[in-house]
Every structure is written in C-alpha cells, then in structure tokens.
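Okay, so here's the structure we're looking at.
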Amino acid sequence: MVRQKAKLGYEKDYEAFLRSMVEASSHFPGYLSTTVIPPHAPADQGEYQIVQRFATQKDLTRWDESQERATWHERIRHVAESPPAYLLVPGLKVWFSSQLPPATTAPPRWKMTTVSWLGIFPTVAICLGFISPLLATWPFLARTALITAVVAALMSYAIMPRLSLWMAWWLLTFPKVMPYRR
C-alpha cells in the first residue's frame, strides 16, 4: 500500500503518470491488481492511496527493484508533493489488522454485506449438501462446529480473497474511485 500527495494543480498529471506506471507493473510476473483511491474529501488533503497486489513477495520485489519502476517513480516525483509512504500488508492481514491506517473511502456496508452473502450462501449450501450427510451420526453441535469451521476457513482463505477481487468493480463504484486491474 502506498500513500502519496500530488502537488496542488498537478493532480491530472499525477494520475496520468500513475496510470502509466500501473500499466507497466501489470506486465511483471505475478502481478494481480492495483486499486487507486484518489482524494475526494477535504480531510484527504490531496492524498492518493494505491494498493498493488502481487502473487508472491518475490514478484513484488522483482517489480520494486526494477529499473522501470525507478523510472516511473522519478517521473511521478516531479508532480508529487512528497515521497511516497509505503506499508507492506501481507496476505490476510489487510482484512484483519487493526494497525492499518484508515482507508480514504470504504465501500458501503450494504455492498460488503451483499458480497459476503454471495460467498457464504453457496459455501454453506455445498457444505450442508456434501458434508452434513457424512456426519449424520454426529451430535448436532459437533456437526455444526465442523461445518462452520470449514465454511470460515474456506471464506477466509479461498472465497473472499477471490470474490472481493472479482467484485471490486462494483464494491468500488462510488465517487472518484479508480480501480485498475489487468
């Protein structure tokens, strides 16, 4: 995650350089996606938030150490108010960490609830259909404990990371949010 302010009056230039840099990074091995949240409220003080996702730390390091990235950062430096502030957030910590700085804008709660339900409903239905019959002789609470543990693990490690990426176009459709995906 990167936070950086554009120089006053240079916002369009900053965004153009940023789009080009994102396009360049999308050709690197392991690139998954980029989401850019531009400032939209006075409290944001012109700060952009950029979240880039790579499949592995090695892929991110390859991009971070590339000459192409260095060239883009040099170009952006001329239209940025200050150097970028970096925060590395590995894996699921982006979901559960209380130490993350607050996002400029979060999707509306009803959208997050809808996307969660889109993951939970089929996961529970499949687990009930396939696992529950195998556990018919188990006591109710033991069956429920196992099924909810399976659903929780699937939701955290398999379903929600993909579903939130696939649904980012909808989750992030509110004023002045620019999703970038390859």
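Give the residue that is farthest from residue 81 (Cα to Cα), with candidates limited to residues of segment 20-38 that are in contact with a strand residue (DSSP E or B) (Cβ under 7 Å, 6 or more places away or on another chain) and assigned to a helix (DSSP H, G or I).
25
Give the residue that is modelled with the highest pLDDT, with candidates limited to residues of segment 60-88 that are in contact with a strand residue (DSSP E or B) (Cβ under 7 Å, 6 or more places away or on another chain) and within 11 Å of residue 28 (Cα to Cα).
63
Tell me which of these residue 13 doesn't satisfy, since it passes every other one: (1) assigned to a strand (DSSP E or B); (2) out of contact with any strand residue (DSSP E or B) (no Cβ under 6 Å at 6 or more places or on another chain).
(1)
Collect the residues in segment 24-38 that are touching a residue at least 40 places away in the same chain (Cβ under 8 Å) and out of contact with any Ser or Thr (no Cβ under 9 Å at 6 or more places or on another chain), keeping them in residue-number order.
Those that are touching a residue at least 40 places away in the same chain (Cβ under 8 Å) and out of contact with any Ser or Thr (no Cβ under 9 Å at 6 or more places or on another chain): 32, 35, 36.
Check 141, 154, 146 and return the single one that is under 28 Å from residue 31 (Cα atoms), outside the structural domain of residue 33 (by TED's automatic domain parsing) and assigned to a helix (DSSP H, G or I).
One residue alone meets the criteria, 154.
So the check is Cβ under 8 Å with 6+ separation or different chains; which pairs have a first residue in segment 39-68 that's in a helix (DSSP H, G or I) and a second one that's modelled with pLDDT under 80 and surrounded by fewer than 12 Cβ atoms within 10 Å (Cβ to Cβ)?
Correct list of pairs: 57/90.
If a residue must be within 30 Å of residue 32 (Cα to Cα), surrounded by fewer than 13 Cβ atoms within 10 Å (Cβ to Cβ) and free of Cβ contacts under 8 Å to residues at least 40 places away in the same chain, how many such residues does segment 133-165 contain?
6
The values are calculated or read from the model by the stated rules, or taken from the named source; none is laboratory data. Since the structure is predicted, the reported quantities are computational estimates derived from the model, not experimental observations. Here Cβ is always computed from backbone atoms with ideal geometry, including for glycine, and neighbour counts include all displayed protein chains.
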